[in-house]
Amino acid sequence: MNLRDNLPLREKLAAEYVLGTLKGGARRRFEGWMHNDAALRRTTSEWQQRLAPLAEFSAAQKPRAQVWRGIERRLNLTPPARFWQFWRNESLLFWRALGLASTAIAALLIVVLAGRTLEAPTINYVATLTDEKSQGAMLLTADSAHHELDARLLAGVAVADDKTLQLWAVPAKGAPRSLGIVADNHSAKLTLPAYAIGGDVALIAVTLEPKGGSRDPNGAPSGPIVYKGNWVKLM
């Protein structure tokens, strides 16, 4: 395989390597290519910088009470008093049953968590917006299937209380199109319009506006651009 001259394939493999979806022999081969290819290492590092902020959106999921009740029902577990009476018997049968129950619970939890994952939004666009010093300042993720846009200011970035961050899709030609404001200057869940990810979008920008958003009568930005970046399509 001539990987050196196949730029789309290099990008694809680097992204999959960072995401962890490149596994087994393919992953080992890619690591071997990186060892002898500085440009490929740089491409992989760039994908790491783009995708690493996604970890900030990962949060612990606590199973709902009905999930545990469903597990107990499927395993025919007895009420607590009788269960602990059985515990005191310390029989070999009990320990075998407990081992089987633990295995079954683990299997059920995998099914439950997999179901929750399937219900979660599908992030297929991501943009890391940087400031004038090329430092990451804001992470955008988009789910085009459900028309959802999530904006989050990265840690350590401060905005004055009398100002508002406003997002814009800047086309190659024509006026910027507002995507909404980050009302609390920390994070926002917005509706994703089709024009936000259109083929003519040359830049995603954030301007610093007066409290509440731009006051330009024509709906154009009235403040300076503080962050900018481009969408990366993940799938």
As straight-line cross-link partners of residue 189, the qualifying lysines (C-alpha separation under 21 Å, not fewer than 8 residues apart within one chain) are 163, 211, 228, 233
The local net charge around residue 210, scoring Lys/Arg +1 and Asp/Glu -1 for residues other than residue 210 whose Cβ lies under 11 Å from its Cβ, equals 0
Based solely on C-alpha atoms, express the radius of gyration and the Dmax of the range 134-235 in angstrom.
12.9, 38
Quick one: if you stick a label point 7 Å off each Cα along the C-beta vector at residue 123 and residue 68, how many nm between them?
3.0
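Any read-out appearing in this document is the output of simple, stated calculations on the displayed coordinates, not a laboratory observation. Given the structure is predicted, the values throughout are model-derived calculations rather than measurements. Positions of Cβ are backbone-derived with ideal geometry, glycine not excepted, and every protein chain shown enters the neighbour counts.
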